[in-house]
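Participant: Supplied in structure tokens, the structure appears directly below.
The values are calculated or read from the model by the stated rules, or taken from the named source; none is laboratory data. Fair warning: this is a prediction, and the values are worked out from it, not measured in the lab. Positions of Cβ are generated from backbone atoms using ideal geometry, with glycine treated the same way; all protein chains shown enter the neighbour counts. Remember, those area values only see protein heavy atoms, side chains included, never the ligands or the DNA or RNA. Shrake-Rupley method; radii C 1.70, N 1.55, O 1.52, S 1.80 Å.
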Amino acid sequence: MFSIFVSIFIINIYHILPNMGCCAVRFLNRSSIKRNIMTIYITTTLVTFAIVYYVLFSNWISTADGILSTIAKDMNQTIYGEFEGFVKLPQYLNEVTENQIRNGVLDFDDETIRDKFFVGLLSAHGSTPIYSISIGTEKGEYYGARRNKDNNVEIMKNNTDTGGKSRYYKVREDMTAGELVVETGRFDPRTRPWYKAAKESGKTSFSPLYKHFVLDDLTVSVGTPVYDKEGSLIGVLGTHITLSRMDQYLNDIVKRNGASAVIVDKNTGELVANSLQIPNFKVDADGSLKMTGINEINNSSIIRGYENYLANNDEDHVVVNGESSHINISEFKTTGVDMLLITSIPDAILTRDIYETIRLTIIFSTIIMLTLSFLYISYVGNLLKPLESLNLSAKKLNDGNFDERAKIFREDEIGKLAATFNMLAATIGSHVEDLETKVKDRTEDLEATNTVLQENREQLKLILDSTAEGIYGMDTEGLCTFCNESALRMLGYSSQEELLGKNMHFQIHHTRRDGTPFPLSECKIMESFKNGRGVYVDDEIFWRKDGTFFDVRYSSYPQYRDGKMVGSVITFMDNTERKKNEEHIKYLTYHDPLTNINNRLFFEEQIPVLDTEDNLPISVIFGDLNGLKLTNDIFGHAAGDRLLTEAAAAFKKASGNEGLAARIGGDEFALIMPNTDADRAKDVIEEIRKSFSNENSNDIIGSVSLGASTKTSAEESMHEMIEIAENLMYKDKTINRNKNNKNMIRKIINNLHNRSPREKRHSENVSVLCEKIAEEMGLSKALIKRLGENGYFHDIGKIVLEDDILNKHRDLTEEEYRKMQQHSVVGYRILNLFDDTIDLAEGVLSHHEHLDGTGYPKGIKGEEIPLSSRIIAVAEAYDAMTNDNYDRRKTNDEAVEEIIRLSGVRFDKDAVEAFIKISKKQDQETKTDQ
């Protein structure tokens, strides 16, 4: 990497040297001598270091790359040689053993000889990955020796004596079978892959990988068929190697070189062994084996090398994720085996020391270079110090210090230059002194003249700044020549220097109120230049410095000198407040201040404007509010104002974009709608009526009476149409009076009950009980019915209470109790406004009066209290004592006893007597039902 970087650096230097030469010359011409010397020194040093580093380090990197290639190849050959010897060892052992059996040297029918042979053979090769050595016979017998998990040798035996099961025995000192260690399941060697492969091929063969029948490991076996002297197959010798032992063997070989190695099946890419500490296989939940593929390992260099080898037979060097490695691959192929041995050595094993050396070399070189630079700078600074002193003296002389003289440090060229400078400075000082005397005399004359002129200017400025009007002057080009304080203040400038010499039209008069440009050709101020006459304007705007504008009235008059126009003077005033006042007066003239819609004056002035043939048909709607007086009397004028505002909003909404809505009287509204026929006018009337159908308002209970007429021809008079609409409105008011009154009463009581379901149940209970008491007292059916209605409406006055008081049934504060007591008076006033309920008003007013005069609101007593009030008092008291929604502190019997106790004091005796009879009847009915 370093060599590449340095090569690119040198190539770029080569290409830019011509341009750098030109730039360097220009730089040296503009820089000081000291800076030029240092620049040349530093540049030369850096280039020298770069060339030396390039030559030195590029050789290091090249040598390291060769060394790594050699190490990788040697290690691969070493591993291959050892692995080849290891793979051929089982084959050799099998073939030697088979030869001895066939020639009768070994008698495998002798159990002692057989056990000693297998134990001795396996013990002699304990440093290899061989797990076990065995022989399987055509009879299904199986003998041999194996290593257990503790690496101890055990003797294996499987024949008819063991029932076809494999038994493992400890080895005695004489290498014969000792005590039984473990017995496994049934096992037939003839079914194993190694047995079948050797038998079918008739020669030594490697088996495919298979799951060991005892260990949780994969095994590869070398099988050799064994024949007797007649050539009959006795069985198959098997030397078995477990992959875990091969992994350890492989890891022991490569770890001393910091490398990695894997053995894979060339055709499938499945791992046979590896030094990466990863499993070569996995066992799935169903017990099946899944071999680990090479693409599943965590070494990208080995994967890339394997892919390159299969594709191009290329190995040597790969770079993956910025990490470089040397790869070597050797192929091992024999009967039943086609495997690849892949070794990988990271370049960082060797190059990290080289790069560390490079880093330290650069650090030490930098320290040396900085030290030399510091010493060189000190020397150059001391050498050029006299020149810097001379330069400083020249600057002081240029600034007017004619007594300044240069210091002479040495008698060299710079010292002689300093002496010449001192003689020149003395000559200049002498001439300047003579010149100052002459200038002083002339300056005194000019100061006297200027003093007079300044006094005149100040007097004129004082006069201009004392005026309330803004004043500024312009020359014939429209450029500002002066500006007084009032003008600056109104225009938002702090001093006239901000305006002097600037075109005033483009500065303050450039844009109209609507944002469109104001051409210079249409400016009346500039027009006064052309015709030589003054102008007065009161409907334009000037723009402030901050980008805002204000209404202005101004006058502009030309200035003449010796009969020639030399400019103009403009005076102006802020016209904003005057405009606002005019607009406000105009608005008040034509608008109703409460409802914010047009008033009668505007309505009448617009009638002839709208009365045109193009607007036919024209519909007129008149409206009159019902319930405004009720709203004002009961809920206050603020609620009445809200009713008027909502009515105005309904008419305004119905007017659309072309119609005209107006309030023409206290509770009267009118609407003129151009291009609207009679059918559409009816629809509009319905829309307005819907606006008054809101059942959820607590204090807006009004309705509206409406009438409409439509002008369809030019011959018809608008005033006649208005009169017709007004008459129809009064007709609607008369016809629907009772209906409107009932709707208002219904709306009030519904609103109350919607806000408090408790009050609804209370009204219903009291109404029913009032009818029963009246019936028990022998009153007429008409009175009984009216008493039921009286009981239903007895608390209608609570509509004026706030929700928190309305739904609070105990622990009222003094102020809350005072407000609660007003509900009977409010209920009286509501019911007294309607013909259908006027006879109920007295009963509601006095239903909280007591027989002894301690009640409210008037404190009357005895028979002064209306009978209906006395009956309501008993019914309400009982319901309040027993209703769950109140403070239920009494049972039915307790409530009856309480009413009896207060009979003649608070309650009427006849009403109480009737109530007691009703209570007893209810008790008897209850007992009968039980």
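Per-residue answers, yes or no, for (1) of a type in the set (D, E, K, R); (2) farther than 23 Å from LEU769 by Cβ:
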{"residue": "GLU816", "(1), (2)": "yes, yes"}
{"residue": "MET820", "(1), (2)": "no, no"}
{"residue": "ASN832", "(1), (2)": "no, yes"}
{"residue": "ASP839", "(1), (2)": "yes, no"}
{"residue": "HIS850", "(1), (2)": "no, no"}
{"residue": "GLU863", "(1), (2)": "yes, no"}
{"residue": "PRO866", "(1), (2)": "no, no"}
{"residue": "ALA880", "(1), (2)": "no, no"}
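Participant: Let me ask something else. Would you say GLN559 is more than 46 Å from the chain's Cα centre (by Cα), assigned by the TED database to the domain that holds CYS523 and not in a loop (DSSP other than H, G, I, E, B)?
Facilitator: yes
Participant: Suppose we filter region 469-482 for residues that are open to solvent by 10 Å² or more (accessible area, probe 1.4 Å) and either farther than 14 Å from VAL566 by Cα or among the β-branched types (Val, Ile, Thr) (or both); how many remain?
Facilitator: Final tally of qualifying residues: 4.
Participant: Taking region 162-183 on its own, how many of its residues are in a strand (DSSP E or B) and either open to solvent by 30 Å² or more (accessible area, probe 1.4 Å) or within 17 Å of THR112 (Cβ to Cβ) (or both)?
Facilitator: Count: 12.
Participant: Can SER824 be described as free of Cβ contacts under 8 Å to residues at least 60 places away in the same chain and out of contact with any Leu (no Cβ under 9 Å at 6 or more places or on another chain)?
Facilitator: No, not satisfied.
Participant: Just a yes or no: is a residue in region 791-801 within 54 Å of the chain's Cα centre (by Cα) and open to solvent by 50 Å² or more (accessible area, probe 1.4 Å)?
Facilitator: Yes, region 791-801 contains a residue that is within 54 Å of the chain's Cα centre (by Cα) and open to solvent by 50 Å² or more (accessible area, probe 1.4 Å).
Participant: Within region 483-497, which residues are buried (at least 16 other Cβ atoms within 10 Å of the Cβ), within 50 Å of the chain's Cα centre (by Cα) and modelled with pLDDT of 90 or more?
Facilitator: ALA487, LEU488, MET490, LEU491, TYR493
Participant: Which number in (1) open to solvent by 20 Å² or more (accessible area, probe 1.4 Å); (2) under 53 Å from the mean Cα position of the chain (by Cα) marks the one condition that ALA261 misses?
Facilitator: (1)
Participant: Given the conditions (1) in contact with a helix residue (DSSP H, G or I) (Cβ under 8 Å, 6 or more places away or on another chain); (2) open to solvent by less than 40 Å² (accessible area, probe 1.4 Å); (3) modelled with pLDDT under 85, which single one is not true for ASP633?
Facilitator: (2)
Participant: While we're on this one: Looking at SER221, SER201, which is the one that is open to solvent by 20 Å² or more (accessible area, probe 1.4 Å) and either closer than 23 Å to GLU98 by Cβ or in the same structural domain as PHE281 (by the TED database) (or both)?
Facilitator: Checking each option against the conditions leaves just SER201.
Participant: Determine, yes or no, whether SER127 is modelled with pLDDT under 85, open to solvent by 10 Å² or more (accessible area, probe 1.4 Å) and either in contact with a Leu (Cβ under 6 Å, 6 or more places away or on another chain) or hydroxyl-bearing (Ser, Thr, Tyr) (or both).
Facilitator: Against the criterion (modelled with pLDDT under 85, open to solvent by 10 Å² or more (accessible area, probe 1.4 Å) and either in contact with a Leu (Cβ under 6 Å, 6 or more places away or on another chain) or hydroxyl-bearing (Ser, Thr, Tyr) (or both)), SER127 qualifies.
Participant: Identify, please: which residue in region 531-540 is within 56 Å of the chain's Cα centre (by Cα) and at pLDDT 90 or above and is, among those, surrounded by the most Cβ atoms within 10 Å (Cβ to Cβ)?
Facilitator: Per the stated criteria, the residue is GLU540.
Participant: Mind checking which residues of region 105-124 are open to solvent by 40 Å² or more (accessible area, probe 1.4 Å) and assigned to a loop (DSSP other than H, G, I, E, B)?
Facilitator: VAL105, ASP107, ASP109, ASP110
Participant: Let me ask something else about it. Given (1) open to solvent by less than 30 Å² (accessible area, probe 1.4 Å); (2) within 18 Å of ASP641 (Cα to Cα); (3) small (Gly, Ala, Ser), identify the lone condition not met by SER756.
Facilitator: (2)
Participant: On the basis of being among the aliphatic types (A, V, I, L, M), under 26 Å from ASN754 (Cβ atoms) and within 46 Å of the chain's Cα centre (by Cα), does ALA654 make the cut?
Facilitator: Answer is no for this residue.
Participant: Do we have any residue at all in region 336-347 that's at pLDDT below 75, hydrophobic (A, V, I, L, M, F, W, C), closer than 30 Å to LYS196 by Cβ and not in a loop (DSSP other than H, G, I, E, B)?
Facilitator: Yes, region 336-347 has at least one match.
Participant: While we're on this one: SER528: at pLDDT below 90 and exposed (fewer than 13 other Cβ atoms within 10 Å of the Cβ), yes or no?
Facilitator: Considered against the rule, which asks whether it is at pLDDT below 90 and exposed (fewer than 13 other Cβ atoms within 10 Å of the Cβ), SER528 comes out as no.
Participant: Of the residues ASN575, ASN598, which single one is closer than 16 Å to ARG513 by Cα and surrounded by 12 or more Cβ atoms within 10 Å (Cβ to Cβ)?
Facilitator: Among ASN575, ASN598, only ASN575 is closer than 16 Å to ARG513 by Cα and surrounded by 12 or more Cβ atoms within 10 Å (Cβ to Cβ).
Participant: Looking only at region 616-627, decide whether some residue is in a helix (DSSP H, G or I) and either open to solvent by less than 60 Å² (accessible area, probe 1.4 Å) or in contact (Cβ under 8 Å) with a residue 24 or more places away in the chain (or both).
Facilitator: No, there is no match, as no residue in region 616-627 is in a helix (DSSP H, G or I) and either open to solvent by less than 60 Å² (accessible area, probe 1.4 Å) or in contact (Cβ under 8 Å) with a residue 24 or more places away in the chain (or both).
Participant: Among (1) buried (at least 16 other Cβ atoms within 10 Å of the Cβ); (2) modelled with pLDDT of 90 or more; (3) within 22 Å of GLY627 (Cα to Cα), which single condition is GLU849 missing?
Facilitator: (3)
Participant: Further, regarding this structure: Given (1) assigned by the TED database to the domain that holds ILE685; (2) open to solvent by 90 Å² or more (accessible area, probe 1.4 Å), identify the lone condition not met by ARG746.
Facilitator: Single failed check for ARG746: (1).
Participant: Quick one: which residue in ILE297, ILE329 is out of contact with any strand residue (DSSP E or B) (no Cβ under 6 Å at 6 or more places or on another chain), at pLDDT 75 or above and open to solvent by less than 20 Å² (accessible area, probe 1.4 Å)?
Facilitator: ILE297
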